[in-house]
Amino acid sequence: MDCLESIAFLKQENVKIDYFVSLNEGLFEGGGFYAINSDFFLGYVMPLLNHHYIHIMDKTYYYDLQMYHVTMDLPYDTIEIDENDDRYLNPRIFSGGRNAKVLQMSKLMTSDTEISLNPRIKIKIIHDSIWNYYEELESIVISFARQGQGEFFNTIRFPKVLNLNEMKVTEVLDFCENNRIQKIGFTPWGGGHYKGFIGMLKERKSDYPNEVSLFHLNKNDYQEMKLWKNA
């Protein structure tokens, strides 16, 4: 089963992950087209990860980190452990484990930052995966590098998902108004430039949406938005 497809099955079986191992997903010779250790995939799998789990990965496998967005800059406290630790699992028992690191991952307490732009709209920046909030949001807006994984989310299995690779932010806001969507969540987009989005929210007079949540995995995302805290 493809890793993306496996997530729904594992959720259905109430599986929680204690050890997550990804060392060679076949990106260069095996036909793989997205990185298992990328931000987008780890964000998607995050609802399955225990608050404390072991992550085994080899960052040197990704010769182009920027292309695959492998940062390990996640809302977790990360500590490398060695063979003297009873949690240690030798990466060499797996194929491709020569340069791997064994990391103890501990989930950080979720932090929310409220942004004052428009009294009609509650705006929050949330340091967490949007997929941890999928059930409570009426619509979610995703954006990630074009590696072929977009087709997976552009299906009827994800009726709430809007893809910013295929539509503009103005179209998303129009969608909310036309469909009376109150709660919507975004993942980062636009290379960190949100001046236009800030202007749209400040001037918006519609009742939809009235709650906008901006989710991020990397700690320094949405810096431009955060400048408006308590403004």
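The values are calculated or read from the model by the stated rules, or taken from the named source; none is laboratory data. No experiment lies behind these values; they were computed from the predicted model shown. With ideal geometry, Cβ positions are generated from the backbone for all residues, glycine too; neighbour counts draw on all protein chains shown.
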Can you tell me which residue in the range 5-50 is modelled with the highest pLDDT, limited to those that are of a type in the set (S, T, N, Q) and in contact with a strand residue (DSSP E or B) (Cβ under 9 Å, 6 or more places away or on another chain)?
N50
Which count do you get for residues in the range 66-93 that are loosely packed, with under 15 Cβ neighbours inside 10 Å and part of a helix (DSSP H, G or I)?
4
Is one or more of the residues making up the range 36-50 in a helix (DSSP H, G or I), β-branched (V, I, T) and on the phi < 0 side of the Ramachandran plot?
yes
From the residues in the range 30-62 that are hydroxyl-bearing (S, T, Y), more than 11 Å from the chain's Cα centre (by Cα) and crowded, with 16+ Cβ neighbours inside 10 Å, which one is farthest from P91 (Cα to Cα)?
Y34
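Which one of these is within 30 Å of N50 (Cβ to Cβ) and either aromatic (F, W, Y) or over 18 Å from the mean Cα position of the chain (by Cα) (or both): Q182, Q104?
Values: Q182 fails: within 30 Å of N50 (Cβ to Cβ).
Just a single option satisfies the conditions, and that option is Q104.
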Just to be sure before I move on: is N165 free of Cβ contacts under 8 Å to residues at least 24 places away in the same chain and either assigned to a helix (DSSP H, G or I) or surrounded by fewer than 16 Cβ atoms within 10 Å (Cβ to Cβ) (or both) in the structure I sent?
yes
Please work out if I36 is within 28 Å of S111 (Cα to Cα) and touching a Pro at 6+ places or on another chain (Cβ under 6 Å).
no
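Which one is surrounded by the most Cβ atoms within 10 Å (Cβ to Cβ), of the residues in the range 1-29 that are of a type in the set (D, E) and part of a loop (DSSP other than H, G, I, E, B)?
Once the filter is applied, the top-ranked residue is E25.
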Looking at S213, is it in a strand (DSSP E or B) and either over 19 Å from the mean Cα position of the chain (by Cα) or among the small types (G, A, S) (or both)?
yes
Do any residues in the range 174-188 that are in a helix (DSSP H, G or I) have Cβ atoms under 9 Å from those of residues that are of a type in the set (A, V, I, L, M) and surrounded by fewer than 18 Cβ atoms within 10 Å (Cβ to Cβ), where the two are at least six apart or on different chains, and which pairs are they?
F175/M167
Hey, does the range 96-107 have a residue that's surrounded by fewer than 17 Cβ atoms within 10 Å (Cβ to Cβ), modelled with pLDDT under 95 and among the aliphatic types (A, V, I, L, M)?
no
In the range 199-231, which residues are over 11 Å from P119 (Cα atoms), touching a residue at least 40 places away in the same chain (Cβ under 8 Å) and among the hydrophobic types (A, V, I, L, M, F, W, C)?
V212, L214, F215, L217, M225, W228, A231
